[in-house]
Amino acid sequence: MTNDGSTRDDRWQIRIRGLHKSFGAQQVLRGIDLDIERGKTNIVIGGSGQGKSVLMKHLMGLLQPDSGHIYVDGQDIVGLRDVAIAKVQRKFGMVFQYAALFDSLNVVENIAFPLIERYRLPRSEIMERVRELLKRLDLDRVAGVEQKFPAELSGGMRKRVGLARALVDRPEILLYDEPTTGLDPIATKNVDEMIRRTADDFGVTSVVISHDMASTFRIADRIAMLYDGIIISCGRPDELIAAPDPRLREFVEPSGAVKFGAPS
Amino acid sequence: MSEASPPSVGAQEKLPLQAQVVPLLGRIFAPLLGAVEIFGLHMLLFGRAVTWLFRRPFRLRLYLEQMEFIGVGSLPIIMLVGFFTGAVTALQAIMALAMFDQQRWVGYGVGVSLARELAPVFTALMITARAGSAMATELGSMRITEQIDALTTFAVNPVHYLVTPRLVSAVLMLPVMTMVFNVLGLLGGYIISIVVYQIDLGQVLELFQHWVDPNDYVQGLIKATIFGVAMALTACYQGFNVRGGAKEVGRATTAAVVSSSVTVLILDYFLIEIMSVIWPSHGM
């Protein structure tokens, strides 16, 4: 890991250096250094209230840090405003915990929303892109899905429509905020599969925030653990299993998701 | 305290006094400071909503949807309440005027009280209960289900998308609804006075025409516009700032209805004072 991310790197798409953020007296991020690998599934784990969501909001420029740098493809996005940050935000798609679909819009209008807001595209092209996504995400099997409103969809379908909305503007990076929270084991497995398939089919870099250890070790290419505002452990799953940090071990072991070697 | 330098008697008295007075002042002025802060935050939201009004994209559809909801959607309740308010006012006026055998003044009484007070205030209160509560609930649930955060990820400003259309629609629709209230109120008054009590229509109309001034309607409509700002701003502020879960959405809705209703009544008093200076009244 190099210390400077200010040049475009083929392997690392996002490089975070020395990120600090406080809310009032509460220090949430206390010097984050983290690299996100291009085209891979990168998972950030950590307990509740450790700053995972705050970190994710920084990646998209929705929050400004107190200090530090976030390089996206070599460009420091800290301090960017208006048009410049909007341009960076187009590289990202975000899948929210409970999909966050707009209640007042139907499925097609929800998926088309980023295109309508960002560009002046002809209606036929928008519909073409929406229908293509409905097909690729197996949403077109449900009769009349296009005109349904979010309240009429199941939890799993809502999640897929949320994913479709995140993918419609062809982002390079997809952020998932605790995608398996509140799902039963079968739905969890489906979401895991969806994340993997999306990474493979669309060639996107995935950043997933999770505290579901079984899921994490099933689908991650890289795992980083956030603890008390810093990244205490980062690497491929097999690397982490081979030489775990005691705090990571303490966090992961109760879930029974992986078997660690003897403590070093 | 060290034994070597015992505190003097004066210092002993002074320190506890200061220590008591400062928190006491804090406690006395805390609600006032809180009120000033909340007023400031409302004004800040108002300023942002107005600034966004002039920036692209204009999203006409959102404005039309809100106007439909606040205006057309409120039409039945406004018509119903307007009709009965006019009828009740006429009834009370006739009973009072009968003591002097001056029932022909009923048209003036109903007309002027509807135009200046009853129509704008009741319309604002009815629309607060119906549309203001819905605005607070909708924005509150959008906040807790992260829909407002989702807007920002598409580089859409939530104030631009959610608050500005509601504010503008309320400002445009409140005066229109106030006029509907006026018309239905006069109809209610007509039915009671002319049809039920059979007061002479010619006399009633003559006094109405002579004494009810177009200015009375202008004052009522100015008030309705200002009530529209107060209602939409309070409802949006409450909904926008929900934190937590469903319970908080309910609390925000209650707060929106209570505080906009109170604001409307308080504003009404001050607006009357201001308008009585601008337009010295002919009949008062």
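The set of residues from region A:14-45 being closer than 13 Å to A:ARG222 by Cα and in a strand (DSSP E or B) comprises A:LEU34, A:ASP35, A:ILE36, A:GLU37, A:THR41, A:ASN42, A:ILE43, A:VAL44, A:ILE45. Answer yes or no as to whether A:ARG131 is under 23 Å from the mean Cα position of the chain (by Cα), more than 22 Å from A:PRO179 (Cβ to Cβ), surrounded by 15 or more Cβ atoms within 10 Å (Cβ to Cβ) and not hydrophobic (A, V, I, L, M, F, W, C). Against the criterion (under 23 Å from the mean Cα position of the chain (by Cα), more than 22 Å from A:PRO179 (Cβ to Cβ), surrounded by 15 or more Cβ atoms within 10 Å (Cβ to Cβ) and not hydrophobic (A, V, I, L, M, F, W, C)), A:ARG131 does not qualify. Contact map, region A:69-95: first residue more than 9 Å from every other protein chain (Cβ to nearest Cβ) and on the phi > 0 side of the Ramachandran plot, second residue surrounded by fewer than 18 Cβ atoms within 10 Å (Cβ to Cβ) and of a type outside the set (Ser, Thr, Tyr), Cβ cut-off under 6 Å, separation 6 or more or different chains; pairs are A:ASP73/A:ARG8; A:GLY74/A:ARG8.
Is it fair to say A:LEU29 is more than 13 Å from every other protein chain (Cβ to nearest Cβ), free of Cβ contacts under 8 Å to residues at least 24 places away in the same chain and more than 16 Å from the chain's Cα centre (by Cα)? Reasoning before the result, please.
Details: more than 13 Å from every other protein chain (Cβ to nearest Cβ): yes; free of Cβ contacts under 8 Å to residues at least 24 places away in the same chain: no; more than 16 Å from the chain's Cα centre (by Cα): yes.
Here the answer is no, as A:LEU29 does not meet what is asked.
For region B:137-148, what are the residues that are facing another protein chain (nearest Cβ under 7 Å) and part of a helix (DSSP H, G or I)?
Restricting attention to region B:137-148, the residues satisfying the condition of being facing another protein chain (nearest Cβ under 7 Å) are B:145-147.
Of everything in region B:137-148, just one residue is facing another protein chain (nearest Cβ under 7 Å) and part of a helix (DSSP H, G or I), namely B:GLN147.
No other residue among B:ALA134, B:ALA170 is within 14 Å of chain A (Cβ to nearest Cβ), closer than 22 Å to B:LEU80 by Cβ and either under 22 Å from the mean Cα position of the chain (by Cα) or touching a residue at least 60 places away in the same chain (Cβ under 8 Å) (or both) apart from B:ALA134.
Considering only region A:96-137, state which residues are outside any helix (DSSP H, G or I) and closer than 21 Å to A:LEU175 by Cβ.
We begin by selecting, within region A:96-137, every residue outside any helix (DSSP H, G or I); these are A:96-106, A:119-122, A:137.
A:PHE96, A:GLN97, A:TYR98, A:ALA99, A:ALA100, A:LEU101, A:PHE102, A:LEU137, listed by residue number.
Is it the case that B:VAL242 is crowded, with 21+ Cβ neighbours inside 10 Å and under 30 Å from B:ASP101 (Cβ atoms)? Considered against the rule, which asks whether it is crowded, with 21+ Cβ neighbours inside 10 Å and under 30 Å from B:ASP101 (Cβ atoms), B:VAL242 comes out as no.
Screening A:SER104 against (1) away from chain B (no Cβ under 14 Å); (2) more than 30 Å from A:SER22 (Cα to Cα) leaves a single unmet condition, (1). Among the candidates A:ALA243, A:ALA262, A:ALA257, the residue that is farther than 24 Å from A:LEU29 by Cβ, of a type outside the set (S, T, N, Q), in contact with a helix residue (DSSP H, G or I) (Cβ under 6 Å, 6 or more places away or on another chain) and modelled with pLDDT under 90 is uniquely A:ALA257. Could you please find all residues in region A:147-161 being surrounded by fewer than 19 Cβ atoms within 10 Å (Cβ to Cβ) and at pLDDT 90 or above? Those that are surrounded by fewer than 19 Cβ atoms within 10 Å (Cβ to Cβ) and at pLDDT 90 or above: A:GLN147, A:LYS148, A:PHE149, A:ALA151, A:GLU152.
Of all the listed residues (B:TYR161, B:TYR190, B:TYR108), the sole one being within 14 Å of another protein chain (Cβ to nearest Cβ), of a type in the set (Phe, Trp, Tyr), assigned to a helix (DSSP H, G or I) and surrounded by 18 or more Cβ atoms within 10 Å (Cβ to Cβ) is B:TYR161.
Does B:LEU151 satisfy the criteria of being within 14 Å of chain A (Cβ to nearest Cβ) and surrounded by 22 or more Cβ atoms within 10 Å (Cβ to Cβ)? Spell out how you get there, then give the answer.
Working: within 14 Å of chain A (Cβ to nearest Cβ): yes; surrounded by 22 or more Cβ atoms within 10 Å (Cβ to Cβ): no.
Here the answer is no, as B:LEU151 does not meet what is asked.
The values are calculated or read from the model by the stated rules, or taken from the named source; none is laboratory data. Just so we're clear, the structure is a prediction, and the values are computed from it rather than from any experiment. Cβ coordinates were reconstructed from backbone atoms using ideal geometry, including for glycine residues, and neighbour counts include every protein chain displayed.
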